[in-house]
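The values are calculated or read from the model by the stated rules, or taken from the named source; none is laboratory data. Since this is a predicted model, take the numbers as computed values, not measurements. As a convention, Cβ positions derive from the backbone with ideal geometry for all residues, glycine included, and neighbour counts pool all protein chains shown.
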Amino acid sequence: MADGKGRMAYGSDDTPESERSERAISHQANDESLGNGIMVPIHYHLMLSAVLFTIGALGVLLRRNTIVIFMSVELMLNAVNLSFVALARQWGSMDGQLIVFFVMAVAAAEAAVGLAIILMVFRNRETVNADELNLMRW
Amino acid sequence: MILPEVNWAAVMPSVILTVVGITVLCWELWMKEQDRKYLAWLSLAGVAGAALFSYTLWGRNESAFNGMLALDAYALFFNLIICLATGMTVLMSRHYVENNELPAGEYYALLLFAAVGMMLMAAATDLIVIFLGLETMSMAVYVLTGIRRQNVKANEAALKYFLLGAFASGFFLYGVALVYGVTGSVKLGEVATYISTHFSDGAGSPMLLAGMVLLIVGFGFKVAAAPFHAWAPDVYEGAPTTITAFMAVGVKAAAFASFVRVFLLSFGALHGQWEAILWALAVLTMIVGNLTALVQDNIKRMLAYSSIAHAGYLLVAMVAGGELGGAALMYYLVAYGLMNLGAFAIVVAVGKKGEPNEEFNDYAGLGFRYPGLAMMMTIFMLSLTGIPPLVGFTGKFYVFSAAVKAGYIWLAVIGVLNSVVSAYYYIRVVVTMYMQEGEKQVEPLSTRPALATAIVAATVGTIMVGVLPAKPMALARHSFASLQKPAQTASSTPKKDQAATSTPTATAPSKTPHH
Amino acid sequence: MTQYIPILIAVVLCGLLATLMTSASRLLGPSKHTPVKDEPFECGNPSSGSAWGRFSVKFYLAAILFIVFDVEVVFLYPWARIFRQLGFFGFIEMLVFIGILTVGLVYIIKKGALEAV
């Protein structure tokens with residue numbers, strides 16, 4: 001495992017987050033085993049991931065159709081997957097990539113269960129609107 | 001060969017439950033209608049087998065699967081709590097499933113699969129295994145919540161639980177990603193090492209702290225801590241009562257197991273950062289839970305808010321930390337499990353098919369017509385309030401004294417005040433049973449021996465563990481201490497050495513936390 | 001950068017070839033429109049209904065079962081990658097994994113979830 005390599009770049013700990021990541025990347029660029037193509041800086045990936053995650057979270061909070069809410073949740077999970085892949089590259093470890101496999105499997109199982117529940121609700125209530133599902137309050 | 005380091009003992013209880021679960025699922029397809037009851041007995045046997053196996057493993061302190069799982073007294077203690085919760089739920093369900101015409105095979109199989117997820121969570125020392133355990137548990141419980149497919153309340157409960165649960169999983173996972181990003185590992189031990197070497201001042205970095213907060217959100221949701229508790233009352237009300245009991249005890253125990261393991265083990269060096277957050281969460285959870293429980297008219301909903309309040313007490317123990325706080329938390333989970341399972345079992349007993357009888361009014365006059373049932377319900381309610389000598393009192397005593405010893409005087413004061421408030425709604429049940437007139441008929445317990453067994457067992461446990469707290473508490477202390485001991489890997493240490501190192505502890509469990 | 005030049009050449013060549021072929025057929029071939037020819041191609045059958053119609057929810061079950069089994073296959077890839085190093089142990093492990101999936105499949109079939117309704 002090339003696990004330790006990325007970590008070596010982290011000398012002291014009181015440098016700001018952004019600087020530290022940059023150093024980790026420059027360190028990697030010299031590392032033959034990790035390829036030497038053009039690299040998109042890790043911040044870009046993490047930013048994109050954070051933006052996607054936020055869009056997903058806002059979708060859950062703002063949308064009213066339960067299927068759309070569920071789609072937003074899936075977006076959140078996939079945003080996290082993007083983070084994992086980018087960070088796995090940064091650390092030069094396989095862990096992050098393996099995690100993505102597990103998250104994908106979990107998301108698929110979640111989709112199966114979730115859609116079944118939504119379908120069941122629709123059969124009995126003829127609606128999937130979150131606002132109309134208010135049998136229980138307080 | 002790059003064989004992973006396999007340690008079957010660590011997963012054996014889960015494997016037993018998985019195999020039994022799959023057998024139950026498949027057996028139902030070929031069995032005759034009237035043989036369905038054997039499914040309950042088979043599940044119970046599986047749970048007993050898993051508990052027994054966990055018991056025989058006692059005293060071992062190893063890590064398994066390349067440090068993804070731990071086989072320590074802490075995990076085994078929680079295995080026993082989980083087996084207690086699952087076993088009692090099976091007993092309660094035996095007639096409930098039949099009377100409500102639930103699909104028995106799926107029901108018991110999902111129950112066992114959920115228990116597997118819980119055990120994984122309790123034993124996991126790797127954030128990803130925790131996530132997998134969490135999802136295994138949650139997915140099974142989502143389905144169980146909505147297993148009464150024609151019931152609109154159950155539908156709604158399942159949908160709410162599922163959507164909010166998946167939402168919280170997203171937060172949890174993002175927290176894992178950020179922690180991985182900073183420390184380069186998802187193994188709790190390596191995260192701890194990284195944090196203690198790089199952030200020895202206890203300040204952390206923004207990314208690490210953000211990850212930690214997201215993990216708190218994820219766990220906070222699963223243990224139903226305010227302000228992440230909004231799902232709990234609806235879900236507890238809509239789910240079948242047996243499953244409500246299972247959720248209130250099992251899910252909470254498993255979530256706390258890994259909550260504590262992650263925060264005390266991995267983020268121990270950042271204690272100063274998260275204790276303030278958990279302090280606030282604990283206070284908010286206690287207050288919200290208790291105040292809202294006051295105005296409920298539905299017993300299940302009242303017990304739901306009460307379980308939120310109890311999550312608050314458990315958080316107090318967690319904030320107190322240290323060996324005392326940790327042991328108090330584990331003891332309290334046993335106490336909470338016993339009295340809550342008992343209370344829900346009574347709710348199951350009072351309910352009938354098509355007539356849930358979950359309102360306070362339905363309990364009126366129960367004390368005269370069914371003195372035994374009412375007396376046991378009284379014991380559970382008094383114990384939940386924290387009246388000595390019952391187990392609820394001892395549990396609260398340990399929790400609050402741990403908080404005081406750790407210097408959190410105010411937390412303890414707020415907790416005690418909340419307990420006083422909680423007396424109102426618990427005693428209200430007793431008052432309704434003994435001082436109001438009512439006509440409700442209850443199907444005699446003699447026709448439901450399994451349920452009766454569960455209720456009596458919970459009663460005996462509530463009294464015994466409360467009167468004789470020393471043994472269980474010593475057990476909890478020993479289990480919690482194993483959390484901080486560095487675990488040996490199974491392959492690197494010969495078996496003999498382990499036996500030698502664990503001799504002082506091997507004699508300790510003369511009595512398991514459940515009976 | 002230099003290692004990408006062959007790819008660039010391939011992309012340009014493919015583009016040119018495709019443009020050449022389509023424009024040649026347009027320029028040289030006769031162009032006749034009939035109502036039958038303008039219909040979307042549906043395996044030679046006369047097309048029926050709009051493509052945007054609603055589907056019965058029954059298909060949902062088949063689709064979702066497919067997704068679950070499909071995604072499980074993702075775990076075969078890392079396993080296949082180091083199959084030789086894992087040896088017999090890995091083989092047995094994967095048999096157990098596939099075995100559990102098969103039990104799931106048997107359960108689904110026995111429950112009648114795959115019957116055409």
Considering residues that are polar (S, T, N, Q), under 29 Å from the mean Cα position of the chain (by Cα) and in a helix (DSSP H, G or I), the number found within region B:166-192 is 1
Looking at region B:150-167, can you tell me whether even one residue there is under 23 Å from B:S205 (Cα atoms) and more than 7 Å from chain A (Cβ to nearest Cβ)? no
Determine whether C:L86 is assigned to a helix (DSSP H, G or I) and within 15 Å of A:L115 (Cα to Cα). no
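Here is a yes/no grid of residues against (1) within 14 Å of another protein chain (Cβ to nearest Cβ); (2) in contact (Cβ under 8 Å) with a residue 24 or more places away in the chain; (3) of a type outside the set (S, T, Y):
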position: C:A24; (1), (2), (3): no, no, yes
position: C:S31; (1), (2), (3): no, no, no
position: C:P35; (1), (2), (3): no, no, yes
position: C:R54; (1), (2), (3): yes, no, yes
position: C:V71; (1), (2), (3): yes, no, yes
position: C:V103; (1), (2), (3): yes, no, yes
Return the pairs, sorted by first residue and then second, in which the second residue is among the hydroxyl-bearing types (S, T, Y) and part of a helix (DSSP H, G or I), the first residue lies in region A:52-76 and is facing another protein chain (nearest Cβ under 9 Å) and closer than 21 Å to A:L119 by Cα, the beta carbons are less than 7 Å apart, and the residues are 6+ apart or on different chains. A:V60/A:S72
A:G4 passes all but one of the listed conditions (1) modelled with pLDDT under 90; (2) surrounded by 13 or more Cβ atoms within 10 Å (Cβ to Cβ); (3) part of a helix (DSSP H, G or I); the exception is number (2)
State whether the residues of region B:193-202 include one that is out of contact with any Phe, Trp or Tyr (no Cβ under 7 Å at 6 or more places or on another chain) and farther than 18 Å from B:S266 by Cα. no
Filtered residues of region B:220-235 (kept if under 15 Å from B:W279 (Cα atoms) and in a helix (DSSP H, G or I)): B:G220
Would you confirm, using the coordinates I've provided, whether A:A105 is buried (at least 18 other Cβ atoms within 10 Å of the Cβ), within 18 Å of the chain's Cα centre (by Cα) and more than 8 Å from chain B (Cβ to nearest Cβ)? yes
Failed condition for A:S93, given (1) assigned to a helix (DSSP H, G or I); (2) within 7 Å of another protein chain (Cβ to nearest Cβ); (3) of a type outside the set (D, E): (1)
Taking region A:108-132 and the residues there that are more than 21 Å from C:F59 (Cβ to Cβ) and either touching a strand residue (DSSP E or B) at 6+ places or on another chain (Cβ under 6 Å) or in a helix (DSSP H, G or I) (or both), the one that is farthest from the other protein chains (Cβ to nearest Cβ) would be A:D131
Which of the following residues is at pLDDT 90 or above and among the β-branched types (V, I, T): C:V117, C:V103? C:V103
